[in-house]
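Okay, structure first, notes after.
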Amino acid sequence: EPEVTQTPSHQVTQMGQEVILRCVPISNHLYFYWYRQILGQKVEFLVSFYNNEISEKSEIFDDQFSVERPDGSNFTLKIRSTKLEDSAMYFCASSGDRGLVPYFGAGTRLSVL
Amino acid sequence: AQRVTQPEKLLSVFKGAPVELKCNYSYSGSPELFWYVQYSRQRLQLLLRHISRESIKGFTADLNKGETSFHLKKPFAQEEDSAMYYCALRPTQGGSEKLVFGKGTKLTVNP
């Protein structure tokens, strides 16, 4: 079964540093998403991306965040200047089309020190 | 506002016992509802989607619009069912593709 792949599985960074979380969505999928889960809290939607642009974003997704699909396979989430409260599990997901079920990656655990 | 509530953070049952994981939602329209499961250190996997009305791994879930609930049930729990279970809602109005998740219930099935 095809899978969404996320790298790295764990990222440790210093406060104020930039991080890039990487995802390889399922081939031929058209919609891409980032979610995050702070420890002990619910999985929260960050952003959806379709046709090379952001289609929806949450209040969490402020100017410190950006997404990019630099080539035909990768989908990245960049946090420009990390804060302690950015420490969370970040999940990438993709779906084949509007209305279809998203498939999730295993997540990247981001630890900001 | 859309909200999903899973009232039980932890649920522990014995193997062979029935299990019910509760999910209530708040949404002004008719939502699309899902159950996702996350086994230890693995990805979130779709377990059920309400419009499919199917049974996966013995689990079923019925949408009750009157009670705004989508509880997950299995008549005889197995040890391999131990996992985190997340109920999620997708709005059907406004063109949104985002999922709104509950906090999850950790199910432990004891031998």
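A count restricted to region A:69-89 and to residues that are under 22 Å from A:GLU1 (Cα atoms) and either part of a loop (DSSP other than H, G, I, E, B) or within 14 Å of another protein chain (Cβ to nearest Cβ) (or both) stands at 3.
Per the conditions (1) within 14 Å of chain B (Cβ to nearest Cβ); (2) touching a residue at least 60 places away in the same chain (Cβ under 8 Å); (3) not small (Gly, Ala, Ser), the sole criterion not satisfied by A:VAL101 is (2).
In region B:34-58, of all residues being touching a residue at least 24 places away in the same chain (Cβ under 8 Å) and either more than 8 Å from every other protein chain (Cβ to nearest Cβ) or farther than 24 Å from A:MET89 by Cα (or both), the one that is surrounded by the fewest Cβ atoms within 10 Å (Cβ to Cβ) corresponds to B:SER40. Determine whether A:LYS42 is within 14 Å of another protein chain (Cβ to nearest Cβ), surrounded by fewer than 22 Cβ atoms within 10 Å (Cβ to Cβ), farther than 24 Å from B:MET84 by Cα and of a type outside the set (Asp, Glu). For A:LYS42, the condition - within 14 Å of another protein chain (Cβ to nearest Cβ), surrounded by fewer than 22 Cβ atoms within 10 Å (Cβ to Cβ), farther than 24 Å from B:MET84 by Cα and of a type outside the set (Asp, Glu) - is not met. Checked against the criterion of being more than 18 Å from A:ASP71 (Cβ to Cβ), more than 10 Å from chain B (Cβ to nearest Cβ) and not in a loop (DSSP other than H, G, I, E, B), the candidates A:ARG22, A:ARG36 yield just one match: A:ARG36.
Of all the numbered requirements in (1) touching a strand residue (DSSP E or B) at 6+ places or on another chain (Cβ under 6 Å); (2) modelled with pLDDT under 95, A:GLN41 misses one, and that requirement is (1). Listed by position, the strands (runs of 3 or more DSSP E) inside region B:3-111 whose residues that are closer than 25 Å to A:SER58 by Cα and β-branched (Val, Ile, Thr) number at least 1 are B:3-5, B:32-38, B:105-110.
Filtering A:SER55, A:SER94, A:SER66 for residues that are assigned to a strand (DSSP E or B), away from chain B (no Cβ under 14 Å) and at negative phi leaves a single hit, A:SER66. In region B:10-20 there is at least one residue that is more than 14 Å from chain A (Cβ to nearest Cβ) and under 10 Å from the mean Cα position of the chain (by Cα). In the set A:LEU110, A:LEU84, A:LEU77, which member is over 14 Å from the mean Cα position of the chain (by Cα) and modelled with pLDDT of 95 or more? Step by step, each of A:LEU110, A:LEU84, A:LEU77 is checked, and only A:LEU84 is over 14 Å from the mean Cα position of the chain (by Cα) and modelled with pLDDT of 95 or more. Evaluated against (1) within 12 Å of chain B (Cβ to nearest Cβ); (2) surrounded by fewer than 20 Cβ atoms within 10 Å (Cβ to Cβ); (3) not basic (Lys, Arg), A:VAL4 falls short on exactly one condition, (2).
The values are calculated or read from the model by the stated rules, or taken from the named source; none is laboratory data. This one's a predicted model, so the numbers in the text were calculated from it and none came from an experiment. Every residue, glycine as well, gets a Cβ built from its backbone with ideal geometry; the counts of neighbours run over all protein chains shown.
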